[in-house]
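Here is the structure we will look at.
The values are calculated or read from the model by the stated rules, or taken from the named source; none is laboratory data. Bear in mind that the values here come from a model prediction, so they are computed numbers and not experimental data. Cβ sites come from the backbone with ideal geometry, for glycine too, and all protein chains shown count toward neighbours. Keep in mind that these areas ignore ligands, DNA and RNA; they rest on the heavy atoms of the full protein, side chains included. Shrake-Rupley method; radii C 1.70, N 1.55, O 1.52, S 1.80 Å.
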Amino acid sequence: MEKKARKHNLAYIIRICAVASLGGLLFGYDTSVISGAIDALKSYFQLSPAETGWAVSNVVIGCVIGSIFSGEIARRIGRKKTLIIAAVLFTVSAIGSALADSFFWFIVYRMIGGLAVGIAAAISPMYIAEVAPKDYRGTASAMNNFALVFGQIVIFYVNYKIAQGMTEAWLIDMGWRYMLGSEVIPCLLFCVVVGFIPESPRWDVMRNRDDLALITLSKISNPQHAKNLLAEIKESMTVNGQLQQQKIDFKRPGALFIIFVACALATFQQLSGVNVMMYYAPTVLKTITGNMESAMFQTIWIGIAQLAGIGIGAILFDKLGRLPLMKTGAIGAAVGLLITAYAMYTQNPGYLALFGMIFFMIFYAFSWGVGMWVLIGEIFPNHMRAQGLSIAVSFNWIFNFVVSQSFPMMNENPYLLEKFHGAFPMWVFSACCVIGFFFLIRYVPETKGVSLEKMESLLLAKRNGIIAK
């Protein structure tokens, strides 16, 4: 009797969302592994500042391509099979980049990893949003971000342990290969476990596989609730005339506005400068510590700060709502960047820059770090979610490329370095955080507790000024 009364099977939800979140873990691991290897790669391949930026940012080209096509792939073959493809690509990239004997082949295999990251970055949050009940969607989506940051911390620690006690010559010759090759272990784990999760029930409905959708929904909640939700999903898709195709009708009222909001959220997340912390933190901190081993150790604390922030966001997003945390985080992140900029500009020899980075990371993590992925995973209506998400994630990767490619060029520019001592990029990112704050106020509605089937009307109400806050 008690079993029938339960509304949701949380253990099952957590289990399948945790597996999907391994895509996020590899996302974090793959994109951040370069942070410990970049100085060695620069020496091994004799790279210029522009080429150093390319060694970091080239993966983003693959990410953009992967995210663009991920929606169509997921629409055609399903979310589960698309995640399996990502798992295989991750594995190929880890092995190939670790064994690369030329800069050309290093770039090729890193781009393959980018394809995997682009697919996982779009499909993991999509899958989680589609299987998680609305009352737990924020927390479930935060699992993906938690896994992403955990993957970053793991590789920061792995990089540190590989570098510990080793000579600079060994790191240049072999160390970076061990760092990149270490990703094979989580890649193989993902390949094994992703086969055990069910297909998204919403995709099953699109393919007229209502019986399979009902089985999955019944495992997620109780049978009666599953039947009601199945009827609601079918009604939403039938009304939109998208039961079979789930393609965006750009002429549909409000479609472009929803895409605009999602793409802007994805863009502002990158313009916060977060991936400078993820990709270049050891390089920045080396100017303070004087050696790479200590810089790598301190980078671990930046990752831990981000993990703590993600944990705060996971707890509060379904309690306080999305907007209060997003707005608070935007201002807090701007302050953290200003602290870091001040430390660099005044050439403070202490740990003020590290404090500023940690301050930034905590505020960023519990807001934009969690919230951007939660929001773009849920604001699209069913009939445009797959393609809409792929477009938004593509914007995220495009601006990731802009930031990661331009940072070393700004940071090592002789004029800017002489005048501002590395503070200039931090000022730029801080200003972007403030602009993001005002964007939230004007264009983004509160989505806490709103079912996916009602998102379209909510966004249109915000566009039309019916929702003021």
With n ≥ 4 as the cut-off for DSSP H runs, can you work out [θ] at 222 nm for the chain, using -39500 (n - 2.57) per run divided by the number of residues, rounded to the nearest 500? -26000 deg cm²/dmol
Within straight cross-link reach of LYS234, meaning Cα distance under 12 Å, which aspartates and glutamates are found once same-chain residues fewer than 8 apart are removed? ASP204, ASP210, GLU453
Ignoring ligands and nucleic acids, what accessible area does ASP101 show with a 1.4 Å probe (Å², nearest 10)? 120 Å²
Can you compute the charge dipole magnitude of the chain about its Cα centre, using +1 on each Lys and Arg Cβ and -1 on each Asp and Glu Cβ, nothing else charged? Give it in debye, rounded to the nearest 20. 1600 debye
As a test of reading the structure, rank ASP204, ASP211 by solvent-accessible area (1.4 Å probe, protein chains only), most first. ASP211, ASP204
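DSSP H helices in the chain with Cα extent of 20 Å or more along the helix axis and mean Kyte-Doolittle hydropathy at least 0.0?
Helices meeting the span and hydropathy rule in the chain are 10-32, 49-77, 79-99, 103-131, 137-163, 255-271, 274-289, 292-320, 322-345, 385-411, 424-443.
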Checking rank on 269-276, 258-265, with mean other Cβ inside 10 Å and highest first, the result is 269-276, 258-265
Could you calculate the contour length gain from ALA461 to LEU320, that is, 0.36 nm times the residue separation minus the distance between their Cα atoms, to one decimal place in nm? 48.7 nm
If PHE268, PHE250 are ordered by their accessible area, calculated over protein heavy atoms with a 1.4 Å probe, which sequence runs from highest to lowest? PHE250, PHE268
Take the cross-link list LYS7/LYS327; LYS80/LYS251; LYS286/LYS419; LYS219/LYS448 and give me the ones stretching past 22 Å between alpha-carbons. LYS7/LYS327; LYS80/LYS251; LYS219/LYS448
Fraction of accessible area attributable to carbon and sulfur, the stretch 9-221 (%, probe 1.4 Å): 70 percent
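Quick one: work out Rg over Rh on the C-alpha atoms of the chain, Rh as Kirkwood radius.
Numbers: Rg = 21.8 Å, Rh = 22.3 Å.
With Rh from the inverse mean 1/r over Cα pairs, Rg/Rh is 0.98.
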For the stretch 254-468, the percent of accessible surface on carbon and sulfur atoms (probe 1.4 angstrom, ligands and nucleic acids excluded) is 71 percent
Please work out the average accessible area per residue across the chain, using the 1.4 Å probe convention, and give it in Å². 38 Å²
For the chain the mean separation of alpha carbon contacts under 8 Å (6+ apart) over residue count, i.e. relative contact order in percent, is 24 percent
With R₀ set to 35 angstrom, the calculated FRET efficiency between the beta-carbons of VAL88 and LEU10, to the nearest 0.05, is 0.70
Rounded accessible area of SER394 (nearest 10 Å², 1.4 Å probe): 10 Å²
